[in-house]
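These notes concern the structure reproduced below.
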């Protein structure tokens, strides 16, 4: 099992993701520079937070055209796992791998805080270690985390269990309090909160570790995406 | 061939920047202002292309990169 973390110019949460997977969970993980054209070896690709390509034009807009993203698209088409955190979530929506878009926070502020999230669906490879309705504390740090999606798409996403995390108290104006959503096939997850910043007791919060453990369970057990 | 692309948020998307600026303009004394929307102006020099080519290129550029059509709308003008 191998994790790959894509490093774009401007990514700044890549090392945190690497640390949690390598040092806390003892898994095989590699950094992948954004112009890499080969991702065959990887089972789960992580798009980390940061400000890829300076977030010029729109957050994630330029990153969607990097060579590695072409490969991420193919990786996702095969049903393999993709996790986009914060800027990674923005890139996934810009690339069309997830529905909707992320716009400026309603209060116009960059919000750096730890917020309560509710787990809405645990029947996925990303959330199986959590209970439905479980409330977890996960840090957020974003200026454009206000998730916007049209009503019809949201209805379909809800029916299909694609809303995985919602905010207990909406910090940014996000539609339906959405903090994290996956695609219809449930192999691509995007979330604004940072589970990699809640991965060890030493740093005061372990609520995010179960997300990575769920992925490992899935990859080790070979369990199906939708059990 | 030069062109200008205007990208704005769709009417259905709230524009908190516009709202903040409306507040500031109101405070300046322009109390009658009802709405302010912020957008982007992108100026391009497309090089040596015909007007038809420019039109086609601009449409693709807008659809794929310059605007995110989930939340934004675009217009462009080709300057001859």
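The values are calculated or read from the model by the stated rules, or taken from the named source; none is laboratory data. As the structure is a prediction and not an experimental result, all values here were calculated from the model. All Cβ positions, even for glycine, are placed from backbone atoms using ideal geometry, and neighbour counts span all protein chains on display.
Figures for the structure shown
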| read-out | value |
| --- | --- |
| Tally of residues being farther than 17 Å from residue A:49 by Cβ, touching a strand residue (DSSP E or B) at 6+ places or on another chain (Cβ under 9 Å) and surrounded by 15 or more Cβ atoms within 10 Å (Cβ to Cβ) across region A:120-133 | 7 |
| Qualifying positions in region A:101-114 - out of contact with any helix residue (DSSP H, G or I) (no Cβ under 7 Å at 6 or more places or on another chain) and closer than 22 Å to residue A:188 by Cβ | A:103 |
| Boolean, residue A:169 is surrounded by fewer than 22 Cβ atoms within 10 Å (Cβ to Cβ), at pLDDT 95 or above, over 16 Å from the mean Cα position of the chain (by Cα) and within 14 Å of chain B (Cβ to nearest Cβ) | no |
| Only one of A:144, A:196 that is in a loop (DSSP other than H, G, I, E, B) and in contact with a strand residue (DSSP E or B) (Cβ under 9 Å, 6 or more places away or on another chain) | A:144 |
| Candidate set: region A:51-72, residues that are more than 14 Å from chain B (Cβ to nearest Cβ), surrounded by fewer than 22 Cβ atoms within 10 Å (Cβ to Cβ) and under 18 Å from the mean Cα position of the chain (by Cα); chosen: the one farthest from residue A:190 (Cα to Cα) | A:71 |
| Number of the exception - residue A:201 against (1) without any contact (Cβ under 8 Å) to a residue 40 or more places away in the chain; (2) in contact with a strand residue (DSSP E or B) (Cβ under 9 Å, 6 or more places away or on another chain) | (2) |
| Unique match (being touching a helix residue (DSSP H, G or I) at 6+ places or on another chain (Cβ under 8 Å), crowded, with 22+ Cβ neighbours inside 10 Å, closer than 19 Å to residue A:192 by Cα and modelled with pLDDT of 95 or more) among A:92, A:117, A:98 | A:98 |
| Enumeration of residues in region A:165-187 that are part of a loop (DSSP other than H, G, I, E, B) and either out of contact with any helix residue (DSSP H, G or I) (no Cβ under 6 Å at 6 or more places or on another chain) or closer than 17 Å to residue A:99 by Cα (or both) | A:168, A:169, A:171, A:172, A:173, A:174, A:183, A:184, A:185, A:186, A:187 |
| Residues located in region A:96-119, provided they are more than 11 Å from chain B (Cβ to nearest Cβ), in a loop (DSSP other than H, G, I, E, B) and under 15 Å from the mean Cα position of the chain (by Cα) | A:97 |
| Which numbered condition residue A:190 fails, given (1) in a helix (DSSP H, G or I); (2) in contact with a helix residue (DSSP H, G or I) (Cβ under 6 Å, 6 or more places away or on another chain) | (1) |
